[in-house]
1. Which of the residues belonging to segment 41-93 are part of a loop (DSSP other than H, G, I, E, B) and within 18 Å of residue 16 (Cα to Cα)?
2. Just to verify a result, which residue in segment 23-67, among those that are among the aliphatic types (A, V, I, L, M) and closer than 27 Å to residue 267 by Cα, is modelled with the lowest pLDDT?
3. Only residues that are hydroxyl-bearing (Ser, Thr, Tyr) and more than 25 Å from residue 180 (Cα to Cα): list them for segment 258-307, please.
4. Would you confirm, using the coordinates I've provided, whether residue 142 is modelled with pLDDT under 95 and crowded, with 16+ Cβ neighbours inside 10 Å?
5. With respect to the numbered conditions (1) in a helix (DSSP H, G or I); (2) surrounded by fewer than 19 Cβ atoms within 10 Å (Cβ to Cβ); (3) of a type in the set (Ser, Thr, Tyr), which one is the sole condition not fulfilled by residue 305?
6. It is to be established whether one or more residues within segment 183-193 are of a type in the set (A, V, I, L, M, F, W, C) and free of Cβ contacts under 8 Å to residues at least 40 places away in the same chain.
7. How about segment 14-35: which of its residues are under 18 Å from residue 55 (Cα atoms) and in contact with a Ser or Thr (Cβ under 8 Å, 6 or more places away or on another chain)?
8. Exactly one condition in (1) of a type outside the set (Lys, Arg); (2) over 19 Å from the mean Cα position of the chain (by Cα); (3) part of a helix (DSSP H, G or I); (4) closer than 19 Å to residue 210 by Cα is false for residue 116; which is it?
Amino acid sequence: MTDPGTNGRGKSPRPPADVLSEWELRPVNYLGGTRNQNWLVLAGQRQLVLRGYSSEPLADPSYEVAVARRLASLGWPVAEVVREPTEFRGRLWSLVTHRPGRSRVREDPAERRARGRILAEFHRTTSLISDVGQRRGFARADELINDPELTVLLTEYERVCPAEGHLLRWHLDWCRARFGSLSLSKLPVLVVHSDFAPWNLLYDDDGVLSGVLDLDGTHLNFRIADFALAWRGDEDEVIEGYDEVSPLSELEWEMLLPTYWAWLFLGVKESLRAILASGSTGVHFEWQAKHLSKRSKLIEQVAPTYPGLA
């Protein structure tokens with residue numbers, strides 16, 4: 001699959017000429033992105049970021065913009081909108097401020113623990129802005145795994161691909177049983193970042209946090225749902241650092257693994273629908289299987305043993 005940030009030949013893409021002309025911008029370089037694409041540009045002598053928003057059905061720039069404004073007003077170094085999302089060629093574009101600094105992509109245990117402490121501080125702030133409501137198209141972890149259509153599609157997939165289908169269904173059933181056995185009303189819900197990974201945090205030359213990037217997946221969820229991409233099932237120091245600042249309740253410790261496994265089913269329903277429609281066979285969910293099989297020290301304490309396909 002081609003990286004979304006390239007044109008298929010390894011060259012960085014350029015934003016549309018009419019966007020550059022309309023806003024009098026000069027492109028400097030491509031900054032990349034997952035859902036959204038970002039370019040460093042010059043407006044006169046001012047450095048800004050030109051953002052092209054994803055055309056995916058779940059894209060909702062207005063939510064991202066609202067969260068960024070609230071976070072900035074409360075002191076967080078996030079990119080603020082300079083020009084509101086505007087449509088060009090059927091795609092939404094905006095200009096946002098440029099955050100300086102560098103990320104620490106290769107972290108050691110101490111840095112992962114520090115990132116956990118930052119996430120705890122971030123949540124202290126996002127708990128104050130939960131009145132923004134839920135983002136269109138997103139759902140809490142328990143709602144995600146209890147989707148009846150997911151059940152129907154996964155049952156059909158298990159008939160076609162027994163090994164992979166059984167692996168997914170067994171873990172899904174376990175998550176549902178775990179969620180159903182505990183009182184979810186006592187789990188804190190707030191605005192989560194969704195990808196509090198090292199490459200989305202910038203630091204200045206003095207080691208001070210200078211940027212929190214990529215709010216394109218932010219939404220309302222259990223606060224421990226933010227460990228999905230921050231912890232990734234094996235960077236236990238992130239959770240340990242978080243717990244030092246904002247201790248997890250006994251219930252949250254119990255819900256940590258099922259919430260993480262539930263996250264692995266994000267997008268699975270859509271993939272199943274496409275696979276079944278195409279009649280494709282073979283291995284389709286290696287990535288999910290890889291993460292479901294992780295056994296860090298934290299996971300080993302609570303994870304059930306997958307029995308395999310009988």
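The values are calculated or read from the model by the stated rules, or taken from the named source; none is laboratory data. Since we're looking at a predicted model, the values are computed, not measured. All Cβ positions, even for glycine, are placed from backbone atoms using ideal geometry, and neighbour counts span all protein chains on display.
1. As a first pass, look at segment 41-93 and keep what is part of a loop (DSSP other than H, G, I, E, B): 44-45, 53-60, 74-80, 89-90.
Correct list: 53, 54, 55, 89, 90.
2. Let us first name the residues in segment 23-67 that are among the aliphatic types (A, V, I, L, M), namely 25, 28, 31, 40-43, 48-50, 58-59, 65-67.
With closer than 27 Å to residue 267 by Cα added as a condition, the list becomes 31, 58-59, 65-67.
Numbers: 31: 91, 58: 52, 59: 64, 65: 93, 66: 95, 67: 96.
Filtering first and then ranking leaves 58.
3. First, the residues of segment 258-307 that are hydroxyl-bearing (Ser, Thr, Tyr): 259-260, 271, 278, 280-281, 293, 296, 305-306.
Matches in segment 258-307: 271, 278, 280, 281.
4. Values: modelled with pLDDT under 95: yes; crowded, with 16+ Cβ neighbours inside 10 Å: yes.
The answer is yes for residue 142.
5. Every listed condition holds for residue 305 apart from (1).
6. Step one: of segment 183-193, the residues of a type in the set (A, V, I, L, M, F, W, C) are 184, 187, 189-192.
Imposing the further condition that a residue be free of Cβ contacts under 8 Å to residues at least 40 places away in the same chain reduces the set to none.
Checked against the condition, which is being of a type in the set (A, V, I, L, M, F, W, C) and free of Cβ contacts under 8 Å to residues at least 40 places away in the same chain, segment 183-193 yields no hits at all.
7. First, the residues of segment 14-35 that are under 18 Å from residue 55 (Cα atoms): 14-16, 19, 32-35.
Of everything in segment 14-35, just one residue is under 18 Å from residue 55 (Cα atoms) and in contact with a Ser or Thr (Cβ under 8 Å, 6 or more places away or on another chain), namely 35.
8. Evaluating residue 116 over (1) of a type outside the set (Lys, Arg); (2) over 19 Å from the mean Cα position of the chain (by Cα); (3) part of a helix (DSSP H, G or I); (4) closer than 19 Å to residue 210 by Cα leaves (2) as the failure.
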